[in-house]
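Heads up: the structure comes next, in structure tokens.
Coordinate-derived values only; no laboratory data. Bear in mind that the values here come from a model prediction, so they are computed numbers and not experimental data. Cβ: placed from backbone, ideal geometry, glycine included. Neighbour counts: every protein chain shown.
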Amino acid sequence: NPKTDLNVFENYESEVRSYSRSFPTIFDKAKGYQLWDKNGNEYIDFFAGAGALNYGHNDDAMQQKLTEYIQRDGLLHSLDMATNPRAEFLQQFNEVILKPRDMDYKIMFPGPTGTNTVESALKIARKVTNREKVVTFTNAFHGMTIGALSVTGNAFKRHGAGIPLPYSMVMPFDDYMDHFDSLTYLEKMIDDDGSGVDLPAAVILETVQGEGGINAASFEWLKRVEELCRRRDILLIVDDVQAGCGRTGTFFSFEQAGISPDVICLSKSISGSGLPMAITLIKPEYDIWGPGEHNGTFRGNNLAFVTASEALNHWKTNEFSDSILNKSELFKKRLNQFVEEYPELQGKVQGRGLMLGISSEKEGLSGQLAQAAFERGLIIETSGPDDEVLKILPPLIIDEEGIEKGLDIIEESIKAVLG
Ligand code: PMP
């Protein structure tokens, strides 16, 4: 395979397992939806930094703003002291995202990663309700610290912590079992004093499970979860770390279902540039922490604020979200063709917006396809409990040419792998 630079393994011997093994080359440059390695090979990006690069690599406007800010000796690190980039982000987020949607939330900076926003959401819910348990769902993924991991429904990952904390209750996600009404089950467990289940502090969910296999909950199911939460004073936490920032077509993934969470977790693409940033949105009445009750050294990265404000410009017109839905249709059309034309895939297309996947019942096939695609110049990952889903997560700014080229590579890979 001419594109694989095997020396990379020598240099990386001291590193624990990482993506350098799945994508064994040294990447050198990236722009928009493309990357280049040090040998000049070109790659199309259907991975987008696991959802951290919705606006692509090195967006011109973000790059310019960053350069200006650094050259004028703007503060890089300032804990959570007031700075202009921080103020500008707060103002932009209110003006561009919250106000037009009539959403009343306070914004908190919980720490730099997705896991940090989840931790803060769990802590708030437990403090507000003075209850301990949190309902989570089969195949959920919420992060790698012990709290977030304890509400992650994946045994392999949970056991990475040795003993997961006992405060989560894993319930069946929408469609987890055929012909099984998971919500009636959950309601019964919570409403019935004889069930042995304590009234939980919160329910945490992804509207489309990313790491869990691109499982999209129906809007009806999401609405029923919300109703249950309202009826029993349980906080509804939507983890929009991967599905948010436009990934499913609207800025928040849950907007389409018309639900109104108590706490919203955003990270990955909130900075727009790939710089680490996370925010937690909380209904104002839950702003109960005193100063210092939740702090962290890297809570306010000014470079991330600079690019985050710029990223929000994409949301000033409806054109951007319409374009995501149009691109989604292009993808779905061809992915469905693949499934029909190659029945040996035993495949099914799933997902919403530009968070799509082909799940295959054939063991190991999705991983082989991802590998074959990399060798042909496409960066793509798998997800799901058995890595059974080829996960399609391109930058939202990808154009038609990039979409078709990437899909051509997937088709070539299918042909090569199926022989
Ligand atoms: N929640 C969801 C839904 C995620 O997809 C992820 C990351 N894949 C996280 C939380 C954790 O984010 P991070 O890796 O930035 O800590």
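Cα-Cα pairs above 28 Å in region 96-243: how many percent?
On the way: 1664 of 10878 pairs.
In whole percent, the long-distance tail amounts to 15.
Scattering from the C-alpha atoms of the chain alone, worked out with Debye: what is log10 I(q)/I(0) at q = 0.09, 0.12, 0.13 1/Å? For the chain, the Cα-only Debye profile gives -0.56, -1.02, -1.19.
If I take R0 = 22 Å and measure r between the Cβ atoms of M81 and D102 in this structure, what FRET efficiency does the formula 1/(1 + (r/R0)^6) give, to the nearest 0.05?
Numbers: r = 31 Å, r/R0 = 1.42.
Efficiency computed from Cβ-Cβ geometry: 0.10.
Add -39500 (n - 2.57) for each DSSP H run of 4 or more in the chain, then divide by its residues: what number comes out at 222 nm, to the nearest 500 deg cm²/dmol?
Numbers: 13 runs with 141 residues, N = 419.
It lands at -10000 deg cm²/dmol.
Within the chain, DSSP assigns beta bridges of which about 65% are antiparallel (rounded to the nearest 5).
Assuming R0 = 45 Å, what is the FRET efficiency of E132 and T317, from their Cβ-Cβ distance, to the nearest 0.05? Approximately 0.50, to the nearest 0.05. In this rough spin-label picture, where each label sits 7 Å from Cα along the Cβ direction, the E361-E329 distance is 3.1 nm.
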